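What follows is a single structure, written as structure tokens, with notes after it.
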Amino acid sequence: MSEFFLELFSEEMPATLQSAARIKLLENFKNFFEKEKIAYKGEANSYSTPNRLLIYFKNLSHEIVQKPEEIRGPNINAPEKALEGFLKSNQIEKKNIFKKKTEKGEFYFYKKPERKIRTEELLNSYLPNILENIPWKKSMKWGDYSMFWGRPLKSILAIFNGKPLNFKYHHLICSNVTYLDKDFEEKLIRFKDFKSYMSYFKNRGIIINNNLRRNFIEKELIKSSSKKNLKVYINEKLLSEVTDIVEKPKVILCSFDKKFLEIPKEILVVTMQKHQKYFPTFDKKENLTNIFFIIADIKDQKGFVRIGNERVVEARLNDADFFWKKNKSQNLVKRVSMLKNMNYFKGLGTYFDKVQRIRKLSGLISDELLISKEKIEIASTICKIDLLSDLVGEFPELQGILGGHFAQAQGFDKDICLAISEHYLPTGPESKIPRKPYSLALSLSDKIDSLVGFFGINLKPTSSKDPYALRRSTIGLIRMILENNKELKIKELINYSSLTYNEQNLKFDNKKISQELSVFFIERLKNFMKEKEIRADIIESTTSFYGVDSLLKIYKKALTLNKLIKNEIGTDVVSGYKRAHNILNAELNNKEMEISGSADPGLFKNDFEKNLYKKINDIRKYYVNYGNEENYEGMLKILASAKKEISEFFENVIVNDKDLTLKKNRLELLQMLCKTFNNYCNFSKLESIT
Amino acid sequence: MVSKKKKVKKKILQTFQDTILNLQKYWIKQGCIILQPYDMEVGAGTFHPATTLRSLGPKPWKTAYVQPSRRPTDGRYGDNPNRLQHYYQFQVLIKPSPQNIKKLYLNSLSTIGIKHQDHDIRFVEDDWESPTLGASGLGWEVWCDGMEITQFTYFQQMAGVECKPISVELTYGLERICMFTQGKKNVFDLIWNNEGTLYREVFYQAEKEFSAYNFEFANTDNLFKIFEMFEEEAKSLIEKKISLPAYDQCLKASHVFNILDARGVIGVAQRAEYISRIRNLTKGVGQIWLESQI
């Protein structure tokens, strides 16, 4: 066995393309080796720097043995051309083939003898194909070449068993030589193995292994910050990205003028992290400081790098500071009418129209959430004003948050400020959700308004496209209900929202919107539960009886049933229901009998019937008395407790009595039982029952 | 003693006009023909027909030129130290893109006072797209110690047509680069020449007045009409298959649109519509230009 390694040298590859290429290329190689039955063991890895993409297999077998096989050629009646093609593609002559009859007719065959193939040969012939099959998210051409690659590919180095491979890929021929300097691409260097390759770059301070590079940066950041008694906030995404845009990282401590700390800290953080890819720091009290770290790709011998970066941040913060001072003093209330010039969406009016609608909706919810109607109406009226500001123009990702800061600067009540700040939440599946009632009310109203509007003008998401992020909004709403443990009357909000559009002379088919959105909500909830790994049949059983006003109830019932279904409580409930359900099904399918679900105790002939009847009534009482207490486990337990009565009934009572009246009454009793169980959910949808 | 000190100072400080001259000299040596700015309002050096149209078709092409660029929405009445509605770009376009373009570029920096050994030069992903030109490219913004100084793009598509061969475009932001090399925090403090003339003396008044025009005084009713007229003219010229004059009309329409945008009278949905109207014109021009190239 010998080592195989490949280096693909290109101009600077963007971080996202790099990490995807690392994974995909290694996968392609593994698949290829497995398909060709080329054994490998030990280390098999891929690494990258901005310019170098590497594949390394420590032990790869030298040759493979291909077993003899019969290859079918063309039908004997096929034109001569087909036969010629067959001979040519297998590099054989006519004397090597024979005829054989099969079920489909008579064909030419070629018996390929056992062969030993050197791995080197296979690598040379298949590598171009493997390279061609990297699924770039974005790829490009350059010069007048035909190749597509993430960024211009300049050289290919491939060594197997100490010797260079020699395949051709488009205009490039692979060798054991690569560029030593990534910038000028002038000096070439020859390598004989992976070890010498790695140690060569290591001696020049270049960390080829991206995992090690990442660890190095992280350690250096922590070391440098703790020296200064600071905490560095390491954003994983940023760390990955930074790792992929340097090859010899140096952590450099920089700072900006403390006066900028008066700007909202979100602006400072976005400027540093997102725009400049820096790492901000915090003091012991979690306050942002004016010190930050940059990861340079060069040793800052003359101090230029630090000064340059500080100047860039200073210029950016100066800009932000200028706008912050200008925008925070622009009276929010006076600017409301300016929203009239800002279109929300074609057919849905301006932002002024939108905030009027939101105001009414949030006013409606205020009672339910026990908050001040006046305060939430103010928050609604001014929540979109920040869209007019220069700062949101510069930092669109801070919409809402900046509005909150403006409101705070102008002395609005803190509930109002927070509501404005949080009303776009949640922004993604991992993002936090609004928890305070004012924030909840505003976020809810804004999202319902958008949903109703877009459904109203028939711009619903399709299976593949959701350009207005309506699915995301709906999942957001569902999470807000579930995670706040607060059921909300969604249907009423949807209907009222349609009316607020109608009042603005935007006429929709309100009934249709209400129906479609209810279905849409339930579909999203189903998806959400699926992601939480709730069983598909449990999801069906809980969603089939309840609608959009019971999202929390559905979820909790499903979650509880999912948790208990495999243990004793679950099996008792399911088996009890199943026995009753099966008999009912069989009887009701065969004959025309009307079963309403109310048995006549006067017709009972024994205690087993009476006991079951009594138990059913106990359960019903429990559901009536405690059904709203959300003790879903308790609800299942009481169903499970009917096990004794149910099994005694089935062991001792014959349902199919000759006396039809008795029979009907017993079926009524079973129907009562099923109906009572169905107070929890539609058990008939469970897999084990249908 | 005194004279020595002066010499040292001079060496560090490259004036704004020297920077332009040095870039021109450098790219002349690389075989580029030096063009003068296009005599029309454009948003970037890319809009010069020497880039847009010349990047289409099979014929090799190498050029470098300065292009005054107008971005009406970026005006700040001369109050902001970093923003201008009119600024200079130095543009290089080479077709097909040479194998050693990165080296050529890095060497060009050292002629304008940026030694790449002393600075953290990075190629940061930045894919470029121009909806009005129907164009896209892949490349980077080049950072020098954290500041963007150049756009480096391999054109993939122009005027809706796949490029073949591929051109490479380098766009240097001259003001930014000089602020960097001269160590200035305010663009208006840039030193223009050896006589000590400042950028402020050349452009401050223009920034103030054009910001006022773009944001307050431009007659939008007329501009809407003018846009239609340019569009109509472009269409008729495309029909007659004269590509260069037709392209001029697109540029004019595009600038009128930019002013209307700055005046804030174009809504979101309307905006997309105007952009697509300009793109359709550019695509038409691209087609007839290509036909003329074979």
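If eta is 1.306 mPa s and T is 10 °C, what Stokes-Einstein diffusion coefficient results for chain A, Kirkwood Rh from Cα pairs, in µm²/s?
49 µm²/s
What does the charge add up to near residue A:576, with Lys and Arg as +1, Asp and Glu as -1, over the other residues with Cβ less than 15 Å from its Cβ?
+1
Send over the per residue convex hull volume for the stretch A:541-600, Cα only, as a whole number of Å³.
129 Å³
Report, to two decimal places, the Cα Rg of the stretch B:177-291 normalised by 2.2 N^0.38 Å (N = number of residues).
1.42
Scaled to the compact-protein estimate 2.2 N^0.38 Å, what is the alpha-carbon radius of gyration of the stretch B:51-106, rounded to two decimal places?
Computed over Cα atoms of the stretch B:51-106, the ratio equals 1.54.
Report the Cα centroid-to-centroid distance between the stretch A:556-633 and the stretch A:363-413 in angstrom, as an integer.
Result: 51 Å between the Cα centres.
When every alpha-carbon pair in the stretch A:231-276 is counted, what percent end up more than 11 Å apart?
Percent of Cα pairs beyond 11 Å in the stretch A:231-276: 77.
On average, how much area does the Cα convex hull of the stretch A:39-144 cover when viewed from any direction, in nm²?
Spelled out: convex hull of the Cα atoms, projected over all directions, averaged, 11.9 nm².
Explain nothing, just the number: dipole magnitude of the protein assembly as shown about its Cα centre with +1 on each Lys and Arg Cβ and -1 on each Asp and Glu Cβ, in debye rounded to the nearest 20.
Approximately 2380 debye in magnitude.
Counting other C-beta atoms within 10 Å, and keeping those with at most 12, which DSSP coil GluC sites (Glu not before Pro) do you find in the stretch A:1-101?
When the GluC sites (Glu not before Pro) of the stretch A:1-101 are filtered for loop state and at most 12 Cβ neighbours within 10 Å, A:93 remain.
Which order do peptides B:34-47, B:51-64, A:446-459, A:97-110 fall in by mean Cβ count within 10 Å, highest first?
Order by mean packing, descending: A:446-459, B:51-64, B:34-47, A:97-110.
I'd like the distance between the alpha-carbon centres of the stretch A:526-544 and the stretch A:640-690, rounded to an integer number of Å.
26 Å
Translational diffusion coefficient, Stokes-Einstein: compute it for the stretch A:123-231 using the Kirkwood radius over C-alpha pairs as Rh, at 4 °C and 1.567 mPa s, and state it as an integer in µm² s⁻¹.
The calculation lands on 77 µm²/s.
Where the Cα atoms of the stretch A:163-220 are projected onto their three principal axes, how long is each span, largest first, in whole Å?
Taking max minus min along each principal axis of the Cα atoms, the stretch A:163-220 gives 41, 25, 21 Å.
Show me the trypsin sites (Lys or Arg not before Pro) within the stretch B:108-207 that DSSP assigns to loop and that have at most 16 other Cβ atoms within 10 Å of their Cβ.
Qualifying residues, ordered by number: B:115, B:185.
P(r) of chain B in 5 Å steps, Cα pairs, percent per bin?
P(r) for chain B, in whole percents per bin: 1, 5, 11, 15, 17, 16, 14, 10, 6, 3, 1, 1, 0, 0, 0.
So, in Å, what gap is there between the alpha-carbon centers of the stretch A:52-119 and the stretch A:211-252?
Computed from Cα coordinates, the inter-centre distance equals 54 Å.
Please give me, ordered by residue number, the trypsin sites (Lys or Arg not before Pro) of the stretch A:1-69 that lie in loop per DSSP and have at most 13 other Cβ atoms within 10 Å.
Taking the stretch A:1-69 and a limit of 13 other Cβ atoms within 10 Å, the loop trypsin sites (Lys or Arg not before Pro) found are A:37.
If the viscosity is 0.890 mPa s and the temperature 25 °C, what translational diffusion coefficient in µm²/s does Stokes-Einstein give for the stretch B:90-220 when Rh comes from Kirkwood over Cα pairs?
Value of D from the Cα-based Kirkwood radius: 145 µm²/s.
Determine by what factor the alpha-carbon radius of gyration of the stretch A:492-606 differs from 2.2 N^0.38 Å, reporting the quotient.
Normalised by 2.2 N^0.38 Å, the Cα Rg of the stretch A:492-606 equals 1.54.
Which whole number gives the average count of other chain Cβ atoms within 10 Å of the Cβ atoms across peptide A:345-354?
Per residue, the number of nearby Cβ atoms from other chains is 1 on average.
Kirkwood-based Rg over Rh for the stretch A:538-656 (C-alpha set), two decimals?
Across the stretch A:538-656, the Cα-based Rg/Rh ratio is 0.99.
Subtract the Cα-Cα distance of residue A:275 and residue A:515 from 0.36 nm times their separation in residues, and report this length gain in nm to one decimal.
82.0 nm
Taking the Cα centre as origin and putting +1 on Lys and Arg beta-carbons and -1 on Asp and Glu beta-carbons, what dipole magnitude results for the stretch A:345-492, to the nearest 20 debye?
Dipole of the stretch A:345-492, to the nearest 20 debye: 480 debye.
How are the Cα pair distances of the stretch B:22-65 distributed, in percent, across 5 Å bins from 0?
5, 22, 27, 23, 18, 5, 0
Can you give the mean number of other chain Cβ atoms that lie within 10 Å of the Cβ atoms in peptide B:108-121?
3
Taking a label point 7 Å from the Cα of residue A:218 along the Cα→Cβ vector, which residues of the stretch A:39-72 have an amide N closer than 19 Å to it?
Flagged as within label range: A:46-49.
Taking the simple approach of a point 7 Å from Cα along Cα-to-Cβ for both residue B:107 and residue B:34, what is their distance in nm?
Each label point lies 7 Å from its Cα, and together they span 1.8 nm.
With contacts defined as alpha carbon pairs under 8 Å and 6 or more residues apart, what's the relative contact order of chain A in percent?
7 percent
Partner chain Cβ atoms within 10 Å, averaged over the residues of A:133-142 - can you pull that number for me?
Taking the mean over all residues of the peptide, I get 4.
Over the stretch A:1-89, one equal point on each Cα, no solvent: what is log10 I(q)/I(0) by the Debye formula at q = 0.17, 0.18 Å⁻¹?
Log-scaled intensity ratios, in q order: -0.77, -0.81.
When you count, for each residue, the other Cβ atoms within 10 Å and take the mean per peptide, how do A:261-270, A:469-478 rank with the highest first?
Ranked by mean Cβ neighbours within 10 Å, highest first: A:469-478, A:261-270.
Could you give the dipole magnitude of the stretch B:173-291 about its Cα centre, charging the beta-carbon of Lys and Arg +1 and that of Asp and Glu -1, in debye to the nearest 20?
Dipole magnitude for the stretch B:173-291 comes out near 340 debye.
Work out Dmax and Rg for the stretch A:352-426 from the C-alpha atoms and quote the Rg first, both in angstrom.
12.1, 38
What is the spin-label model distance, in nm, from residue B:270 to residue B:164 if the labels are put 7 Å beyond Cα along the C-beta direction?
4.2 nm
Given a Förster distance of 60 angstrom, what is the FRET efficiency for residue A:59 paired with residue B:222, based on the Cβ-Cβ distance and rounded to 0.05?
0.20
Rule-based calculations on the coordinates, nothing more; no lab input. The structure displayed is predicted, hence computed values, not measured ones. We place every Cβ from the backbone using ideal geometry, glycine too, and count neighbours over all the protein chains shown.
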